[in-house]
Every structure is written in C-alpha cells, then in structure tokens.
Amino acid sequence: MLSGDALEITKSSIALALTLGVVLVNGFSDAPGSISGVVSSGVWSLGRASIICGFFNLLGVIVFFFMSGKVAESVFNLVDFGEYTTEAICASLCGVIVFALVSWMFSMPSSESHALVSCMLGASLITTGQSTAFSFFRVALYMLLSCAFSAVFSFAFGKLFKKSGKECAKYEKLSCILSSFMHGGQDGQKFIGILLFLTVGTGSSHNTLSLILCVGVALFMLLGTIMCGKRIIASLGNGIVKNDERIAFLSDFSSTVCVFLCSLFGFSVSTGNIKACSLVGAGLCEKEEINYRTLKHIGIVSVITFPVCIGLGYLLTGLFILIF
C-alpha cells in the first residue's frame, strides 16, 4: 500500500503522462487542420507544411500563454472537483484520448477543447454533485458564435479581397503559419493550464515552472503535428469544398482571426470547427459546391462530443476514485 505522499506523486505522474498524451493526440488529430489548406491546394508539400507549421505551433504555445493566460483561466473557472482534483483530471484526460482516437479512426476532426471541457463537466458532477448546466451552455454558446463568426467573416472577406488564386499563394503561406501559431496559442493554453493547476493550483501562473511546462507541451504538440493526421487533412482539405490557393487563403486567414479574438477574450473554442466553417464561407463566396455530407458528419461529431464526453468524464472519474 502506498503512503499518502507516494500516492500523490503517483497520481501526479499519471496526470502528467496523460496530459502529454492528449497534447500528442491533439498534434496529429487537430493540428493538421491548420495545414489542410496549404497542402490540399498544392502550395506546400505535406512534409514541408508539417515541419514549418509544427514549429509555429510550438511558438504559439509558448508565446501566447505568456501574452495571455485567459483561456487557461476560463477552463478552470468552469468546474470544481472538490477533494478529487487529480483523479478528476486524470479521468478527463483519459476520456479525451479515447474520444479523439475514435474520431480520428473515422476521419472526423474532433475538438479536444470541447472533449476536455465536457469530460471535466462530467467529472465535476460525480465529485461535487453540483449542476454544471450554466457552464455547459456557456461553452456551447462559444462554439456556436465562433463558428458563425468564422463563416460570415470568411464570406465577407472574400467579397472584399479581390486577389486572384495565383496571387493568393504567397498570402496562403503566411496565413497557414499564423493559423498554426494560433492553434498552439489556443489549445496549448488549456493543457499548460492543467499542468499548472496540478502543480501550483492555478491555471495562469507565469514563472520558471510555466516556461518548463510550456516547452514540454510545445515539443509534444510539435511531435504530434509532424506525425500528422492525413485523414484529417483529407477531410478538411477537399472534403468540404475543393481547395485552391484562394479558398485556402480565405479560410485560413478568417479562421486565424476568429481563433485570435477568442483566445484574446479567453473563450475556449474548437479550432477544427472554426476552420470547417471558414471553408464553408469561402466556398460560398467563390460559388463552389459545398459537400454538405462531410459537413454533416463534422457537425454530428461536434454535437455528440458533449453528451458522450460528459458521460466518459463521469464514469472514468468514478473508476479513478475507486482505484486510488
């Protein structure tokens, strides 16, 4: 039987390993969305895009966390785990990994952000018994508003921006880099916040420990991006609308603006869902045919994320409490 201190070290070590595991999964199941446009349009090869954008994912994790830790704060203001913080976080991370891998197997971009928040809501239900309805509706509202803004902004920007497809190729390279940077900035904050919450009890402390954790999370996200999810690239590449240089640029630029604004105000959102909606806006602007079947599948995954992951968080937290 482990002593109290040894048990806490064991639980924290498991939480650390699971957090890095989720970051790795995020790197190859979610981060590919930021390079789907530049690859499917032929502007960059998959290998070049993975390396370049993986590096900027890394920078985004580090730079944006130290610029603003609001996303990390917003995640942890949503829930309370009582005396079972470590168990609840371990269970939530396990739930995210399971859900993300199953979604990846079916080639559907899943939102680790919404999966994580939903698992944490489920964990909070079993550890404190408190209602999380308000937190749930707030997260759902962020999702709906960010997706709507991304689609409308992409359509409107396309109407105003008159450059041809060939001229857009050079802009697409920059917008893809910025998209990768903001993916790291948005999603990286959540995972760093979890680690800080476990180690120093807060989601936004900026110190030497923060820097160490930032580098660790950034490196695992870089590794995951280089491993890359070709299935996700295919789904977000030409799965929704046929990508060319212009559509790729319009969608990447618009989604980057949306993710930046959400991160600035501390909204935890799905970079994959935002990218999908920006593709719809760009496609409608260019009067291209939209594949609503793929869009429907992505929408279904987004909707079922909440109940499925709330259930996973609830059940797995109960299991972890029994184990520990």
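Each value in this text was obtained by applying a stated rule to the coordinates, not by laboratory testing. This one's a predicted model, so the numbers in the text were calculated from it and none came from an experiment. Positions of Cβ are generated from backbone atoms using ideal geometry, with glycine treated the same way; all protein chains shown enter the neighbour counts.
With all projection directions averaged, the alpha carbon convex hull of the stretch 4-323 covers 14.5 nm². Free of any GluC sites (Glu not before Pro) that DSSP assigns to a loop and that have at most 11 other C-beta atoms within 10 Å, the longest stretch within the chain is 84-288. Couplings 3J(HN,Hα) of the stretch 219-226, computed from phi: 5, 5, 5, 4, 4, x, 5, 5 Hz, in residue order, whole Hz [Karplus 6.51 cos²θ - 1.76 cosθ + 1.60, θ = phi - 60°; x for Gly and Pro].
Once the Cα-Cα distance is subtracted from the 0.36 nm per residue extended length, the LEU141 to LYS162 segment shows a gain of 4.3 nm. For the peptides 55-61, 132-138, the ranking by packing is 55-61, 132-138, with the highest mean count of neighbouring Cβ atoms within 10 Å listed first. Potential lengthening of the chain between PHE66 and MET227 amounts to 55.3 nm, from the contour at 0.36 nm per residue minus the alpha-carbon distance. In this simple spin-label approximation, ILE323 and PHE134 carry label points 7 Å from Cα along the Cα→Cβ vector, and these lie 3.3 nm apart. So if R0 is 25 Å, what FRET efficiency would VAL215 and GLU83 give, r being the distance between their Cβ atoms, rounded to the nearest 0.05? The computed FRET efficiency comes out at 0.20.
Straight-line reach from LYS173: taking Cα to Cα under 27 Å and skipping same-chain neighbours fewer than 8 places apart, the lysines in range are LYS159, LYS162, LYS163, LYS190, LYS230, LYS242, LYS275, LYS287.
Between the helical axis of 271-285 and the longest alpha-carbon principal axis of the chain there is an angle of about 20 degrees.
In degrees between 0 and 90, to the nearest 10, how far off the longest principal axis of the chain does helix 46-67 point, with axes built from Cα atoms? The angle comes out at about 50 degrees. For the stretch 125-182, the square roots a ≥ b ≥ c of the C-alpha gyration tensor eigenvalues yield an a/c of 1.5 or more together with a/b not exceeding b/c, which makes the shape oblate. Annotation for the stretch 82-128: chymotrypsin sites (Phe, Trp or Tyr not before Pro) lying in DSSP loop with at most 15 further Cβ atoms inside 10 Å of their Cβ are PHE106. Neighbour counting of Cβ atoms within 10 Å sorts the residues MET227, MET221, MET182, fewest neighbours leading, into MET227, MET182, MET221.
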